[in-house]
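Derivation of every value follows stated rules applied to the coordinates shown; laboratory data play no part. On a predicted model such as this, the values are computed, not experimentally measured, just so you know. Reconstructed Cβ throughout: ideal geometry from the backbone, glycine too, with neighbour counts over all protein chains shown.
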Amino acid sequence: MAIRVAVFKEDAEGERRVAIDPVTAQKLHELGCELTLVNHAGAAAGFPNSSYDDLAVVDTNRLACAQQQIFLAIQLPSDEILQQLPEQAILICQVFAARRPEAVAILQQRNISCFALEWVPRITRAQSMDVLSSQATVAGYQAALLAADLSPRLFPMLTTAAGTLRPAQVLVIGAGVAGLQAIATARRLGAQVMAYDIRPAAREQVESLGARMIDTGIDAEGEGGYARELSAEEKAQQAQRLGEHLARCDVVISTAALPGRAAPKIITAAMVEAMKPGSVILDMAAESGGNCALTEPGNTIVHNGVTVAGPLQLASRSALHASEMFARNVANLMSLLIDNQQLSDDFSDEVLQGCLLTHRGEAVHPSLHQSS
């Protein structure tokens with residue numbers, strides 16, 4: 001008997017991605033899945049209904065909830081839709097539970113086994129399932145393009161009959177996947193790029209991309225490739241050294257994040273006021289509160305002549321490729337749930353355990369039991 005899988009249409013404002021693209025849909029079909037697509041779920045990403053084969057189409061997310069076993073989405077669906085999920089169903093999506101505690105309660109009440117993709121363990125065998133990395137690649141690329149568009153300065157050095165224009169000075173804060181992609185893209189656009197990360201291990205990757213690493217004397221390497229939270233003394237040291245560099249930059253792209261927590265505040269209002277008029281801060285951490293004290297998530301403001309942008313849904317700006325990568329991540333995770341074209345109820349695999357948020361009416365992920 002086929003495994004029944006529904007693909008939701010995203011309802012978040014600005015979200016253009018879809019959880020499954022046509023190529024991956026065919027691969028899931030070969031694994032024994034029978035897919036149902038919500039009408040036009042992939043249209044904004046460049047995948048009309050006609051590009052999908054071997055699946056049914058229903059008009060709404062509500063209708064898709066009927067008689068399915070697995071539900072796929074980019075972002076956690078609305079509370080209304082969660083209430084419609086069949087009991088004991090499986091939901092696979094990004095959750096970010098701290099932002100939607102009421103939704104987690106619904107998942108428990110409905111006895112839903114929810115796999116939160118942002119918690120896929122950062123281990124070698126799970127790299128092909130890591131949606132944070134795949135989507136950060138797209139977001140970092142888009143961040144550099146958006147910053148260049150907002151800046152009144154050109155990024156490359158140009159020698160013209162009207163004189164020579166110096167290259168823009170770009171600082172990227174955070175050298176994770178998004179930061180490294182932002183560095184690479186800004187370099188391709190011709191900027192001179194510096195980078196800052198409190199993990200010394202990032203230096204080699206930064207320098208391999210042709211950027212210069214700023215050293216503030218702080219080592220904050222944490223678990224799972226993330227940085228740990230800084231002490232008050234370390235934050236003061238960071239602020240002093242970083243502020244000196246910000247004052248000389250034309251563009252700052254900030255990417256620093258902490259798993260499951262609000263983004264660390266790295267750029268103070270005083271730092272912004274010390275920057276040159278016409279400078280740009282592109283805060284990629286806006287969705288979790290922002291790295292800049294002046295960031296307004298979803299808005300672009302000008303403070304003392306400095307543009308501070310807090311864009312949301314950056315990966316959706318390249319929705320086609322972002323969807324393709326997300327879909328491959330999801331399909332690879334689903335392969336752990338399917339055995340010989342049958343849905344398994346064994347979630348003991350370390351990857352599944354690492355991202356299982358709710359199961360059998362219980363909140364099972366450690367992040368849900370940590371004090372705020």
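Beta-bridge orientation, the chain: approximately 25 percent antiparallel, per DSSP, counting only bridges with both partners inside. In order along region 320-333, the Karplus-derived 3J(HN,Hα) couplings, from 6.51 cos²θ - 1.76 cosθ + 1.60 at θ = phi - 60°, round to 5, 5, 4, 5, 4, 5, 4, 4, 5, 4, 5, 4, 5, 5 Hz, and Gly and Pro are given as x. Annotation: extensible slack from V23 through A105 equals 26.1 nm (criterion: 0.36 nm per residue apart, minus Cα-Cα distance).
In straight-distance terms, cross-link reach from K235 covers every one of the lysines whose alpha-carbon lies under 20 Å from its own, apart from those fewer than eight places away in the same chain; here that gives K265. Mind running the shape call on region 189-325? Use the C-alpha gyration tensor, a ≥ b ≥ c as the square roots of the eigenvalues: rounded below 1.5 for a/c, prolate if a/b tops b/c, oblate otherwise. Rounded, since a/c falls under 1.5. Roughly what angle does helix 177-188 make with the longest principal axis of the chain, taking Cα atoms, 0 to 90 degrees, to the nearest 10? Helix 177-188 and the main axis of the chain meet at about 50 degrees. Got a sec? Which residues in region 23-39 would a label at S335 touch, if it sits 7 Å along Cα→Cβ and we count backbone N under 12 Å? Within reach of a label on S335, which here means backbone N under 12 Å from a point 7 Å along Cα→Cβ, region 23-39 contributes 27-28, 31.
Between A161, A195, A45, the GNM of the chain built on Cα springs shorter than 10 angstrom shows A161 fluctuating the most. Taking the centroid of alpha carbons for each part, region 63-112 and region 202-217 are 41 Å apart.
Please give the net charge around D250, taking every other residue with its beta carbon less than 9 angstrom from that of D250, where Lys and Arg add +1 and Asp and Glu add -1. Net charge around D250: +3. Neighbour counts of C-beta atoms inside 10 Å place T137, T255 in the sequence T137, T255, starting with the fewest. Is the shape of region 9-61 best called rounded, prolate or oblate, per the rule: a/c under 1.5 gives rounded, else a/b larger than b/c gives prolate, else oblate, with a ≥ b ≥ c the square roots of the Cα gyration tensor eigenvalues? Note, shape of region 9-61 comes out prolate.
Secondary structure note: in region 150-281, about 20% of the DSSP beta bridges are antiparallel. Considering region 75-162, its Cα convex hull presents a mean projected area of 9.5 nm². An oblate overall shape is assigned to region 228-286, the ratio a/c of its alpha-carbon gyration tensor axes (a ≥ b ≥ c) being 1.5 or greater and a/b not exceeding b/c. If the chain linking R241 and E273 were pulled fully straight, counting 0.36 nm for each residue of separation and taking away their Cα-Cα distance, it would gain 9.9 nm. The gain in end-to-end length when the A161 to D79 segment is fully stretched comes to 23.5 nm, 0.36 nm per residue minus the alpha carbon separation. Entry note, the chain: the mean residue ellipticity at 222 nm calculated from DSSP H runs of n ≥ 4, each adding -39500 (n - 2.57), is -8500 deg cm²/dmol after division by the residues and rounding to the nearest 500. Here region 241-372 carries DSSP beta bridges of which approximately 50% are antiparallel, counting only pairs with both residues inside. Ordered from longest to shortest, the equivalent ellipsoid semi-axes for the chain are 39, 23, 18 Å, each the square root of 5 times a Cα gyration tensor eigenvalue. Between A19, A322, A201, the residue with the greatest mean-square fluctuation in the GNM of the chain (Cα pairs under 10 Å linked by springs) is A201. Under conditions of 20 °C and 1.002 mPa s, region 1-157 yields 126 µm² s⁻¹ as its translational diffusion coefficient, taking Rh as the Kirkwood radius over Cα pairs in the Stokes-Einstein equation.
Comparing mean-square fluctuations of G179, G361, G163 from a GNM of the chain with C-alpha springs under 10 Å, the top value falls on G163.
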